[in-house]
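Step one of this worksheet: look at the structure below.
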Amino acid sequence: MWDLLGQASNQPVGRLLGGRYRTRVKPYASLLMREPERMGDELLPVVAQGFRAFKIGWGPFGRRDAKTDEAIVSAARRAIGDDAMLMVDAGGSDAYWQGGYKWALRTSDMLAAYDVDWFEEALHPDALEDFKALRRLSRVPIAGGEVLTRRQAFEPWLQQGAFDIVQPDVTKCGGLSEQRKIAWMAHACGVKFIPHGWNTCVGLASDLQIASAFPDTDLIEYL
């Protein structure tokens, strides 16, 4: 419906959402984690394409031992260099996820040593109190919210300070209209809004438009 309105009015959807802060936004390459010895090989071709921001997630991370976790992150940092952005997604929404608060806090210290820009889905997606405690003590920013739906579900997480970065998924949370309400709620709570984008081309197109319409949304997930 937003796209139809944009076509009818000959305006970009971002302008219709309230005005545009930017006409370009940095994409971050979003890749699954591999074994430590394969992580560099996975990232180097993407580095060669010109990406300067990367997120690695799921795979063996958090599912084996601390040594494997650090080896994966270390290999990723070597491959992309010291100046590129690196984000880590533990995949805590996995139905079989075993990582708890103590694991997440220890892991956040390790990630800080590799200059990781945010730690995503470090805990089960309903562990509100643990997320709040983790955010207070973590040395890296805490991100999450991709599996939450509708603004009412996001409200306690934003108002109680569970996230540094909130990541509503436009294909899950009710479309652009609902995502915009969530994003403005986040803005009012001092939480950065970066949309979750592991979905579809239509989702990516939507994220590009909403990123143009929010003051601090300076990254887009690119699968």
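The values are calculated or read from the model by the stated rules, or taken from the named source; none is laboratory data. Worth saying up front: this structure is predicted, and the values here are computed from it rather than measured. Backbone-built Cβ (ideal geometry, glycine too); neighbour counts: all protein chains shown. Accessible surface is based on the protein model in full, side chains and every heavy atom, while ligands, DNA and RNA are left aside. Shrake-Rupley method; radii C 1.70, N 1.55, O 1.52, S 1.80 Å.
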Worksheet item: Which of (1) in a loop (DSSP other than H, G, I, E, B); (2) touching a Pro at 6+ places or on another chain (Cβ under 6 Å); (3) not hydroxyl-bearing (Ser, Thr, Tyr) does residue 182 not meet, given it meets every other one?
Response: (1)
Item to complete: Inspect the stretch 136-144 for any residue being out of contact with any helix residue (DSSP H, G or I) (no Cβ under 7 Å at 6 or more places or on another chain), closer than 21 Å to residue 17 by Cβ and not polar (S, T, N, Q) and give the result as yes or no.
Response: no
Discussion item. Only one of 40, 59 is assigned to a loop (DSSP other than H, G, I, E, B), more than 20 Å from residue 164 (Cα to Cα) and in contact with a helix residue (DSSP H, G or I) (Cβ under 9 Å, 6 or more places away or on another chain). Can you tell me which?
Written reply: 59
Practice prompt. Could you please let me know if residue 156 is open to solvent by less than 60 Å² (accessible area, probe 1.4 Å), over 29 Å from residue 70 (Cβ atoms) and in contact with a helix residue (DSSP H, G or I) (Cβ under 6 Å, 6 or more places away or on another chain)?
Written response: no
Discussion item. Would you confirm whether or not the stretch 149-161 contains a residue that is of a type outside the set (Gly, Ala, Ser) and under 13 Å from residue 195 (Cβ atoms)?
Written reply: yes
Item to complete: Consider residue 147 carefully, then state whether it is modelled with pLDDT of 95 or more, under 28 Å from residue 4 (Cα atoms) and open to solvent by less than 70 Å² (accessible area, probe 1.4 Å).
Response: yes
Discussion item. Looking for something open to solvent by less than 20 Å² (accessible area, probe 1.4 Å), in contact with a Leu (Cβ under 8 Å, 6 or more places away or on another chain) and modelled with pLDDT of 95 or more - is there at least one such residue anywhere in the stretch 60-67?
Written reply: no
Item to complete: Could you grab me the full set of residues in the stretch 12-24 that are surrounded by 12 or more Cβ atoms within 10 Å (Cβ to Cβ) and not in a helix (DSSP H, G or I)?
Response: 12, 17, 18, 20, 21, 22
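To keep it simple, each residue is scored yes or no on (1) more than 21 Å from residue 222 (Cβ to Cβ); (2) of a type in the set (Lys, Arg); (3) out of contact with any Gly (no Cβ under 7 Å at 6 or more places or on another chain).
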| residue | (1), (2), (3) |
| --- | --- |
| 74 | yes, no, yes |
| 87 | no, no, yes |
| 92 | yes, no, no |
| 100 | yes, no, yes |
| 112 | yes, no, yes |
Worksheet item: Could you give every pair whose Cβ atoms fall below 6 Å, whose first residue belongs to the stretch 77-99 and is surrounded by 14 or more Cβ atoms within 10 Å (Cβ to Cβ), and whose second residue is of a type in the set (Ser, Thr, Tyr), counting only separations of at least 6 or pairs across chains?
Response: 77/114
Item to complete: Please enumerate the residues belonging to the stretch 170-223 that are among the acidic types (Asp, Glu), in contact with a strand residue (DSSP E or B) (Cβ under 8 Å, 6 or more places away or on another chain) and open to solvent by less than 10 Å² (accessible area, probe 1.4 Å).
Response: 207, 221
Item to complete: Scan the stretch 106-124 residue by residue and report those that are of a type outside the set (Gly, Ala, Ser), within 19 Å of residue 87 (Cβ to Cβ) and surrounded by 17 or more Cβ atoms within 10 Å (Cβ to Cβ).
Response: 107, 110, 111, 116, 117, 118, 119, 120, 121, 123
Worksheet item: Taking the stretch 160-169, which residues are of a type outside the set (Val, Ile, Thr) and either farther than 14 Å from residue 121 by Cβ or open to solvent by less than 10 Å² (accessible area, probe 1.4 Å) (or both)?
Response: 160, 161, 162, 163, 167, 168, 169
